[in-house]
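The next block holds one structure in the form of structure tokens; read it before the comments.
The values are calculated or read from the model by the stated rules, or taken from the named source; none is laboratory data. Predicted model only: the values in this text are computed from it and were never measured. Reconstructed Cβ throughout: ideal geometry from the backbone, glycine too, with neighbour counts over all protein chains shown.
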Amino acid sequence: MKKIISTTLLAALLAPSLVLAQGYIGGTLGLSDLDGENDIGIKFFGGYRFNQNLAVEGGYTDFGTADDGGVDVSVDGFEVAAVGILPMNPQIDIFGKLGILLWDADFDAGTFGSGSDDGTDLFLGFGASYNISPQLSARATWDFYDFDNGDGWILGGGLTFKF
């Protein structure tokens, strides 16, 4: 009898989390900044929302190309993040992210040569999403990155498809 009661209680506690659990994919497009130089940045991501307050997300980010004193610098990378979510009402969620970015940078100085660098650094971000339907939401994000020799950010908007 104790096993039945404890199993029933555990199922009752986990049921709301399982109902809300869902996968998602999406993309954003927006303004990127690498040490004060702007370009168009793009992100593709996928994630899994465990419950109304917690998700894990992974993706690819391309910061575009910046001109740093005659040197073209392009940075991209793969990231993974923990996402904390605060539902404001049935349509609007706000969220914060903390993760790591595995980045690669390419440098092109024309006739002076080229090179590359890579690394792994922390990033953080925040944003909001608006649920258009149960399967579709609009998203706005601002993510901040701290690289070995500088910093960057992407301010963007896009769509998320839930399944």
Practice task
Keeping to the stretch 146-158, report how many residues are surrounded by 15 or more Cβ atoms within 10 Å (Cβ to Cβ) and at pLDDT 95 or above.
Solution key: 5
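Please enumerate the residues belonging to the stretch 47-85 that are among the charged types (D, E, K, R), more than 18 Å from Phe123 (Cα to Cα) and crowded, with 17+ Cβ neighbours inside 10 Å.
Start the filter on the stretch 47-85 by keeping residues that are among the charged types (D, E, K, R), which leaves 49, 57, 62, 67-68, 72, 76, 79.
Adding the requirement that they be more than 18 Å from Phe123 (Cα to Cα) leaves 49, 67-68, 72.
Result: Arg49, single match.
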Problem - Residues within the stretch 140-160 that are charged (D, E, K, R) and either within 11 Å of the chain's Cα centre (by Cα) or not in a strand (DSSP E or B) (or both), tallied - result: 2
Practice task
Go through the residues of the stretch 105-125 one by one and say whether even a single one is at pLDDT 95 or above, of a type in the set (Gly, Ala, Ser) and not in a helix (DSSP H, G or I).
Solution key: yes
Problem - Which listed residue is in contact with a Phe, Trp or Tyr (Cβ under 7 Å, 6 or more places away or on another chain) and either at pLDDT below 90 or of a type in the set (S, T, N, Q) (or both), from Val73, Val56, Val19 - result: Val73
Exercise for the section: Identify all residues within the stretch 21-59 that are of a type outside the set (Asp, Glu) and not in a strand (DSSP E or B); write none if there are none. Expected result: Ala21, Gly36, Gln52, Asn53
Exercise for the section: Output yes when any residue across the stretch 127-145 is exposed (fewer than 15 other Cβ atoms within 10 Å of the Cβ) and farther than 21 Å from Asn53 by Cα, and no when none is. Expected result: no
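Would you point out which residue out of Ile85, Ile40 is under 22 Å from Ile100 (Cβ atoms), in contact (Cβ under 8 Å) with a residue 24 or more places away in the chain and not polar (S, T, N, Q)? Talk me through it step by step, then tell me what you get.
Working: Ile40 fails: under 22 Å from Ile100 (Cβ atoms).
From the options Ile85, Ile40, the qualifying one is Ile85.
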